[in-house]
Each structure stands twice: as C-alpha cells, then as structure tokens.
C-alpha cells in the first residue's frame, strides 16, 4: 500500500490510476481518501451501477436534509422548470 499527498495524487493522477496497489491519499497527517485499483472482472456492471446509484441517492438525501429541502419541493421545482421551458 502506498501513501501520497493530495497534491501528489492530483498532479500524477493518470499515473496513480494505472497502479495495481491501493493508495491512501493524505491531507497533512490524516487520510483524505483511498484509491483502490479496479479490475473490471471484480463486479458485474449491474451490481456496480446499483452500488453507485445507492451511494448517490444517499448523498443527495444528506444534502437535501442539510439544506432543509424535501423531495416534494425538488419534484415541484422540476415540474415548474419543465413547464417554463415550453
């Protein structure tokens, strides 16, 4: 396992993405993230999509809660936008 700074990871991202070993990205003396090399055979595409959608939905719900916005308000805004486009 390799440890690099955020700047090092950013500046050499392409090189790091080719790495076959896990990388811990550090911000100062604390971990900021982890890069795990991906082998396409590790997980079927449908499972990957399901995991990504679940994670995105969770993050959206958290942001909405912080902003104090309900799902109904978001849907109403989309509907208003859709009607105003025409």
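Read-outs throughout are calculated quantities, based only on the coordinates presented, and are distinct from any laboratory measurement. Not measured: the values here are computed from a predicted model.
Assorted remarks:
- Taking only Cα atoms of segment 1-73, radius of gyration then Dmax in Å: 16.4, 45
- With contributions of -39500 (n - 2.57) from each DSSP H run of at least four residues, the per-residue ellipticity at 222 nm computed over the chain stands at -18000 deg cm²/dmol.
- Annotation: the antiparallel percentage among DSSP beta bridges lying fully within the chain is about 55.
- Average 1/r across all pairs of distinct alpha carbons in segment 34-84, invert it, and you get the Kirkwood radius: 13.6 Å.
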